[in-house]
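A quick write-up on the structure given underneath.
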Amino acid sequence: MPGTKKIKYLEENIKSVDLKITEEDFKQIDNILNKHPNIGERYSSRENSFLKK
């Protein structure tokens, strides 16, 4: 996995394939996201000037 520097972190990340997400889990996630929408720009105009485009 890109960015993984230690075996213990790789092993931890590999365990994620065993995660089972139910339809109810997705509904709960959607409810939370709907209560807290993203508002506004990701970066300010100053921060945007540092991004490579």
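The numbers here are math on the coordinates, done by the rules we state, and not lab data. Note that the structure is predicted; figures quoted are calculated from it, not measured. Because the Cβ atoms are built from the backbone with ideal geometry, glycine has one as well, and the counts that use them run over all protein chains shown.
Sequence neighbours fewer than 8 away in the same chain don't count; with that in mind, list the lysines whose C-alpha is under 16 Å from LYS6. Filter leaves LYS15.
Amide H to amide H distances under 5 Å link THR4 with no residue, where only residues 5 or more positions off or on other chains count and H is placed in the peptide plane.
Partner lysines whose Cα lies under 23 Å from the Cα of LYS20, excluding those fewer than 8 positions away in the same chain, are identified as LYS8. Our estimate of slack between LEU19 and ASN34, defined as 0.36 nm per intervening residue step minus the Cα-Cα distance, is 3.0 nm. The simple Förster model, with R0 at 30 Å and r as the Cβ-Cβ distance, assigns LYS6 and ARG42 a FRET efficiency of 0.50.
Does the chain classify as rounded, prolate or oblate by the C-alpha gyration tensor (a ≥ b ≥ c root eigenvalues; a/c under 1.5 gives rounded; else a/b over b/c gives prolate, otherwise oblate)? Oblate, because a/c is 1.5 or more while a/b does not exceed b/c. Given +1 at the Cβ of Lys and Arg, -1 at the Cβ of Asp and Glu and no other charges, the dipole of the chain around its Cα centre is 460 debye to the nearest 20.
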